[in-house]
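Worksheet: the structure to be examined is printed underneath.
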Amino acid sequence: MIEVMNEPKTRTPMPAPTREPVRRVGPPPPGEQPAMLIEHATKRFVVGRKKRPVVAVNDVSMSIRRGEIYGVLGANGSGKSTLIRLISTLLTIDSGRIEVLGHDVERHEMAVKQLINRVSVDAAFFKKLSPHENLAYAARLYGLDAGPARTEAIRILARLGIAEKRLNRPLEQMSRGMQQKVAIARALLTSPTVLLLDEPTTGLDPRSKLDVQAFIEEVRDTHDATIVLTTHDLAEAERLCDRIALINDGRLVAEGTPDELKALVASQHGGEPTMDSVFMTFTGRSLDDDHDDDENHDE
Ligand SMILES: Nc1ncnc2c1ncn2[C@@H]1O[C@H](COP(=O)(O)OP(=O)(O)OP(=O)(O)O)[C@@H](O)[C@H]1O
Ligand SMILES: [Mg+2]
């Protein structure tokens, strides 16, 4: 595994006085409690009629700092959503451990559930109900006052480009992108400390995508939230993420800031210093995995 997280930081401080928030944070320094600590997390599935074993998440360790936007990149089926589902307690871990702000996801499941919120492309909604009814339901579930929650929901949705008059139409009459925005609004309504965004901008038109990206940054900056984000949009990852992990066949194969990863690929693999090149370098199938899909593997 190639690690860049421990490389000494030789960067000189930014030349004075910009009001830019400090970006590109590194891993938590010793003694600081990470927002998320993942140690040797492993999750297996058996798939298909042949009950073929798949190690969806394979010995993954990460330490994510409070306030970070941490990106998880990888090819389809590499295990990103499974990892997100493990953190959000939707799946149980086979081995290893995951802590959210010091709470073990298995032993303190309820505490973890209260700290996190997950948005996924397959958001579960009551499609016959309107956005407003869905959000009111979420507000009740989380014990929020209906009045302020409604005002806040309207504000968030307006910010994402959904007009108030649309809030009373059934969700099933809205486009996928609009449903996705409602899902994001629902997650933000509860001001979660940790936000897990599984492909939050997939399926959005370019303008909506920019709206959501800007909003993700705003949430991080104004709510002191820690955000884990999966995406297939490499420009988005580069723009939003303080650090990025690359996952290949369930394994963490590289981790670092976008600049570190690009520099690493350019220096060690001779590729262009671009996120495209980073993705291609680290997510190519390795030869010793090839037999996995064959009919005739013999163990
Ligand atoms: N509930 C499940 N039962 C069986 N196998 C599963 C299940 N969920 C995921 N898998 C398998 O685990 C592996 C990782 O899937 P996962 O959905 O985590 O990938 P992903 O990186 O999110 O992919 P994508 O980019 O397409 O969203 C795949 O081989 C998938 O078939
Ligand atoms: Mg996925």
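The values are calculated or read from the model by the stated rules, or taken from the named source; none is laboratory data. Here the structure is a predicted model, which means the values were calculated and not measured. So basically every Cβ, Gly included, is an ideal-geometry build from the backbone, and we count neighbours across all protein chains shown.
If the condition is being under 25 Å from GLU217 (Cα atoms) and near ligand 1 (Cβ under 8 Å from one of its atoms), then the range 80-103 contributes LYS80, SER81, THR82, LEU83, ILE84, ARG85.
Would you please list the contacts, defined by Cβ atoms under 6 Å and residues six or more apart or on different chains, that run from a residue in the range 35-58 that is within 13 Å of ligand 1 (Cβ to nearest atom) to a residue that is of a type in the set (Ser, Thr, Tyr) and not in a strand (DSSP E or B)? Final answer for the pair search is LYS43/THR82; ALA56/THR82; VAL57/THR82.
Put simply, of ASP221, ASP211, ASP259 the only residue that is over 13 Å from the mean Cα position of the chain (by Cα), assigned to a helix (DSSP H, G or I) and closer than 27 Å to ALA111 by Cβ is ASP221.
Exactly one residue out of ARG107, ARG118, ARG66 is at pLDDT 85 or above, at negative phi and not in a loop (DSSP other than H, G, I, E, B): that is ARG118. Could you tell me which residue of the range 224-234 is surrounded by the most Cβ atoms within 10 Å (Cβ to Cβ), considering only residues that are part of a loop (DSSP other than H, G, I, E, B) and within 16 Å of ligand 2 (Cβ to nearest atom)? The residue in question is THR231.
Can you go through VAL47, VAL57 and tell me which one is at pLDDT below 90, touching a strand residue (DSSP E or B) at 6+ places or on another chain (Cβ under 6 Å) and either farther than 28 Å from SER191 by Cα or loosely packed, with under 13 Cβ neighbours inside 10 Å (or both)?
On the way: VAL57 fails: at pLDDT below 90.
Answer to the check: VAL47.
Restricting attention to the range 162-201, the residues that are within 16 Å of ligand 2 (Cβ to nearest atom) and of a type in the set (S, T, N, Q) total 2.
The residues of the range 89-104 that are surrounded by fewer than 18 Cβ atoms within 10 Å (Cβ to Cβ) and either in a loop (DSSP other than H, G, I, E, B) or in contact (Cβ under 8 Å) with a residue 40 or more places away in the chain (or both), listed by number, are LEU90, THR92, ASP94, SER95, GLY96, ARG97, GLY102.
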